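Every number in this text was worked out from the coordinates using simple rules, so none of it is lab data. Quick caveat: nothing in here was measured; it's all calculated off a predicted structure. Here the Cβ positions follow ideal geometry from the backbone for every residue, glycine too, while neighbour counts run over all protein chains shown.
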Amino acid sequence: MSANDLLVMGLVVAGTFFMLVAAVGLNRMPDVYLRMHGAAKSTTLGITAILMAVGLHFGTSAAYTRAVLVVLFFFLTTPVGTHVLARAAYLTGVPRWPGTVPDEMADQVGPGHRPGGSRAGSAAARASGRERRA
Amino acid sequence: MTAALDGAALALVLSKALCLWRLFRGPSLPDRVVALDQISMHVVALVALYTIRTGQLVFLDAAVVAALLSFLTTVAFARYLEQGIER
């Protein structure tokens, strides 16, 4: 067994460990937002480790290209997907864990808020600010 | 090498079962969507492990496609969730 194989095995075991941590966090966290927090980052790290193991195992440029492509794709899309999903959960009124203290979206997104109408609202606010300055 | 890969695959299957439990039990719909996202990421990891195990690099293309589909699924579900509350 070469040193390369040992490195591949270490990366695979580390990646699997982080995926397992994500799954445990998905079951142990008290809240949908905390579940997203625990799951998304840890899974990204685990997938990165496993795909780097794939690149190291083959050692060719084709393997490295695909592995880095998938890793970059996850680095770009996991924050976006989690953010979109957390926003949808907040807007649909999923209850939060009572231990969560700050709620920075409370004054921006009311119960009757429409995402399509937010742009018009901010434009009106800007116009009124301009009038006040004039 | 092979034993380590098989053990890692077994641990990933166990981890996927935990995600499936959250998918089954999640009190709200976003909980289930998060669990589904996790399961599709586990699919990508398992395909990568299978690529190492068999030594066929072609299987890694399936991981690329699974990654693309996982993001699309999450965004589509989020859009669907937000459509229920307005207009």
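Worth a mention:
- Residue in the stretch A:85-93 that is among the β-branched types (Val, Ile, Thr), at negative phi and in contact (Cβ under 8 Å) with a residue 12 or more places away in the chain present: no
- Among the residues listed as A:GLY81, A:GLY55, the single one being within 9 Å of chain B (Cβ to nearest Cβ), crowded, with 19+ Cβ neighbours inside 10 Å and of a type outside the set (A, V, I, L, M, F, W, C): A:GLY81
- Positions within the stretch A:19-40 being more than 7 Å from chain B (Cβ to nearest Cβ), surrounded by 17 or more Cβ atoms within 10 Å (Cβ to Cβ), without any contact (Cβ under 8 Å) to a residue 40 or more places away in the chain and assigned to a helix (DSSP H, G or I), in sequence order: A:VAL21, A:GLY25, A:GLY38
- Scanning the stretch B:26-69 for residues that are surrounded by fewer than 23 Cβ atoms within 10 Å (Cβ to Cβ) and of a type outside the set (A, V, I, L, M, F, W, C) yields B:GLY26, B:PRO27, B:SER28, B:ASP31, B:ARG32, B:SER40, B:TYR50, B:ARG53, B:THR54, B:GLY55, B:GLN56, B:ASP61.
- Just so you know, in the stretch A:9-18 the residues that are more than 7 Å from chain B (Cβ to nearest Cβ) and hydrophobic (A, V, I, L, M, F, W, C) include one that is nearest to B:TYR50 (Cα to Cα), and it is A:LEU11.
- Complete set of residues in the stretch B:71-87 that are at the interface with chain A (Cβ under 8 Å from one of its Cβ atoms) and not basic (Lys, Arg): B:PHE71, B:THR74, B:VAL75, B:PHE77, B:ALA78, B:LEU81, B:GLU82, B:GLY84, B:ILE85, B:GLU86
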